[in-house]
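Worksheet: one structure, shown below.
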Amino acid sequence: MQCRVWTRHPDAIHLIQRLCFSVSPNARFRVTEDYFSLLDVPRCIIPADDVRWHETIKASYRRLQMLHHPDKVGHGQAPSEKSIRLNAAYESLKDPVKRFRHILQVHDCDTDYEAAGRKNPTTPAFLMEMLELNEKLEKASSATDLSSLAADITKRMRVLLDASQALYGKGDFPGLKEKYVELSYLRSLHERTTKALSDKDCQEPYRGAPRHSEE
């Protein structure tokens, strides 16, 4: 598998970055506050009970905003710093990819793969998968093709998130950084796929109700 990647695309990592989005191998995450502590919820990438966990963070967010939102503490006032921070925390934690990124931030992790002796931020096998998925996106000619591809990417993202939660439980942060980069690639590809699907739907002519032949 590794030979196939580099034989077909000697500069595969740059090709993937161009097709998806730019991931700087030397980018370092910075964080000034733990959003999990701010909303008083446990740290996790994928909770055991997703519905209950989201209900918990929503309830905590609303309870705290009742104390700090300008509509509650005084009309006409600008949002307080605490209210703004609560908004940022809620927006980050309710999204699994952003939540994953914040966990890396909280633990002061970076993606300095060069310093770690890694030439590329992910594996050749994953790069091969991304190249194949990009080819499928480029060749998709119908809404059905795009819907199928979007579902496939969503499934792959869930598998990555589950694997990342297991790594987090073991404290394997080098493995987590690699999974985050892979998840970011997939998220970007999923967004491109859903946009292509939306554009395809808009281009479909409206046929209206079927016409009955006159006898």
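The values are calculated or read from the model by the stated rules, or taken from the named source; none is laboratory data. These figures come from a predicted structure and were not determined experimentally. Positions of Cβ are backbone-derived with ideal geometry, glycine not excepted, and every protein chain shown enters the neighbour counts.
Of all residues in the stretch 147-173, which are touching a Ser or Thr at 6+ places or on another chain (Cβ under 6 Å) and either small (Gly, Ala, Ser) or modelled with pLDDT under 95 (or both)?
The answer is Ala150, and nothing else.
Return yes or no: is Ser198 at pLDDT below 95 and surrounded by 11 or more Cβ atoms within 10 Å (Cβ to Cβ)?
Considered against the rule, which asks whether it is at pLDDT below 95 and surrounded by 11 or more Cβ atoms within 10 Å (Cβ to Cβ), Ser198 comes out as yes.
So, in the stretch 41-71, exactly how many residues are in a loop (DSSP other than H, G, I, E, B) and either touching a residue at least 24 places away in the same chain (Cβ under 8 Å) or outside the structural domain of Asn87 (by TED's automatic domain parsing) (or both)?
Residues meeting the conditions: 5.
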